[in-house]
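The values are calculated or read from the model by the stated rules, or taken from the named source; none is laboratory data. Everything numeric in this text was worked out from a predicted model, so none of it was measured. Cβ placement follows ideal geometry from the backbone for every residue including glycine, while neighbour counts extend to all protein chains displayed. With ligands, DNA and RNA removed, areas are computed over all heavy atoms of the protein, side chains included. Shrake-Rupley method; radii C 1.70, N 1.55, O 1.52, S 1.80 Å.
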Amino acid sequence: MTTRAERIAGGLVGLLVGDALGVPYEFHPPESIPPLAQIEFAPPVGFARAHRRAPYAAWSDDGAQALCLLTSLLECGHFDAEDFGRRIVRWYDEGYLAVDGKVFDVGLQTGRAIQRLQAGVPALEAETPSTYRAELIVFRSSAPSAAPTTVPLPPKIATPPTTTAAMTCSS
């Protein structure tokens, strides 16, 4: 029988592999995506990769940010917005949890939130309503027939505490 920990690990591996598989094909119109049988980490010869600087089989900013969240949850034992924010800034500045330490893309709203974090804005104030997703981590691909990949957060984690004092990471 598969344990809960094994299911969570499998979900994360699936998220990262699926994310990495979609990286070369991001931002392309569906009609330009190769047939499913040709979808690989390295796209077919002649296909213009979305992120030429990205190593093959590299997960995107979405995968790295999921790892930042997971690491924060494991080390803090609960959702700590400030710790999570520091890890996101570290990912952006240093390549923390990025494949080969290389950040090759960041979404516009995520970039704005990171700039606010770098300027010292508290983590829960750095986001905008359209960027904050406490209930689910959602990663979308522009690949044909792609459904969003979601990893649900347990209810204990999904509802952020209302005070910064309650979110201090002890590690």
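Highest mean first, how do 64-75, 8-19, 28-39 rank when packing is the count of other Cβ atoms within 10 Å averaged over residues? Can you show the working numbers first?
On the way: 64-75: 18.7, 8-19: 15.3, 28-39: 11.8.
Descending packing order for the listed peptides: 64-75, 8-19, 28-39.
For segment 32-109, what % of the accessible area comes from carbon and sulfur atoms, probe 1.4 Å?
Working: 2250 of 4030 Å².
The C+S portion of the solvent-accessible surface of segment 32-109 is 56 percent.
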Given points 7 Å out from each Cα along the Cα-Cβ axis, report the F47 to L74 separation in nanometres with one decimal.
3.1
Gap in Å between the Cα centre of segment 57-84 and the Cα centre of segment 89-130?
12
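Rounded to the nearest whole Å², what accessible area per residue is found for segment 48-102 with the 1.4 Å probe?
With all protein chains present, segment 48-102 gives 46 Å² per residue.
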